[in-house]
Amino acid sequence: MRIAIFGWGSLIHSPGSLAHTGEWYIDGPFLPIGFTRISGIRENARRLTLVITEGFPEVQCLYTESTLPTLEEACDNLQHRENTMSHLIGYYNYTYNSGRILRSVDSIKQTLIKWNINKNYEAVIWTDIGPNFSQVYKSPYSVENIKSFLKTLSPKEFNETKNYILKTHPQIQVKFRKQIEALLETQF
């Protein structure tokens, strides 16, 4: 089974245990992505990360091909790499016209179908964890509130956030990326 894995964040520069061919292609689908998640809360290692964010401008994602033979194995592998729960791994099976899409369901489904017309994958998978900045930080997502959030980070958390954002593939030019990078460089 040919399975594409979509990426936009650390999966690209730090694939870890991800079973993939090793090559990342830049002509993935356009998806609404943003630095709108505070990850690592369970581990007391908060950092700002990229996730699908409804209503945000779409950016062209990257993709690689799984080396695993089944959709179930590929989803399990991505779940393990992402250290998350199984229901937070999105997938679309073109053969059965079915899948698990948690955000912007109709829009993303149509994007995936259109994207695959000339690719001929049997399935695609991605990390489908949603935004939580406004809920966790208890303030609207804005550059000013991102700046305030960054000030609350420990030196370790700040450096992890900085490394994550600065290593993000240059193609992933999301809302506020340039402003966030500038804030990280000043280390206010």
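Every number here is computed from the coordinates shown, using simple stated rules; none is lab data. Nothing here was measured: the structure is a model prediction, and the numbers come from that model. Note that we place each Cβ from the backbone using ideal geometry, even for glycine, and neighbour counts take in every protein chain shown.
Tilt of helix 155-167 relative to the longest C-alpha principal axis of the chain, in degrees (0 to 90, nearest 10)? That helix lies at roughly 50 degrees to the long axis. Neighbour counting of Cβ atoms within 10 Å sorts the residues S107, S17, fewest neighbours leading, into S17, S107. Taking 27 Å as the limit for the C-alpha separation, the pairs K114/K178; K109/K178; K119/K162; K114/K175; K114/K167 exceed it in the case of K114/K178; K109/K178; K119/K162; K114/K167. Bridges between two residues of the chain, per DSSP, are antiparallel at a rate of about 90%. Note: relative contact order over the stretch 3-186, using C-alpha pairs below 8 Å and six or more positions apart, is 30 percent.
Looking at the calculated P(r) for the stretch 1-143, what percent of the C-alpha pair distances fall above 22 Å? Taking all Cα-Cα pairs of the stretch 1-143, the fraction more than 22 Å apart is 35 percent. Ranking T111, G22, H169 by how far each Cα lies toward the positive end of the dipole of the chain (charges on Cβ) leaves H169 at the top. Using only the alpha-carbon atoms, how far is helix 105-115 inclined from the longest principal axis of the chain? Give it as 0 to 90 degrees, nearest 10. Here the helix axis deviates by roughly 60 degrees. In sequence order, the stretch 123-133 has phi-based couplings of 7, 9, 9, 6, 7, 10, 7, x, x, 8, 3 Hz under the Karplus curve 6.51 cos²θ - 1.76 cosθ + 1.60, θ = phi - 60°, and Gly or Pro positions carry x. The long axis of helix 177-186 is offset from the longest Cα principal axis of the chain by roughly 40 degrees.
Listed by Cβ neighbour count within 10 Å, with the fewest neighbours leading, R37, R2 appear as R2, R37. Here the sum of -39500 (n - 2.57) over DSSP H runs of 4 or more residues, divided by the residues of the chain, equals -9500 deg cm²/dmol at 222 nm, to the nearest 500. Residues considered: V51, V174, V136. Largest GNM mean-square fluctuation over the chain, using C-alpha springs under 10 Å, is found at V136. Rounded to the nearest 20, the Cβ-based charge dipole of the stretch 3-186 about its Cα centre (Lys and Arg +1, Asp and Glu -1) stands at 700 debye.
Projecting the Cα atoms of M1, G34, V59 onto the charge dipole of the chain, computed from C-beta unit charges around the Cα centre, puts G34 farthest toward the positive end. Legend: ranking of residues D76, D106 from fewest to most surrounding C-beta atoms inside 10 Å; resulting order D106, D76. Using a 10 angstrom cutoff on alpha carbons, build the Gaussian network for the chain and name the most mobile of N93, N145, N118. Per the Cα network of the chain with a 10 Å cutoff, N118 tops the list.
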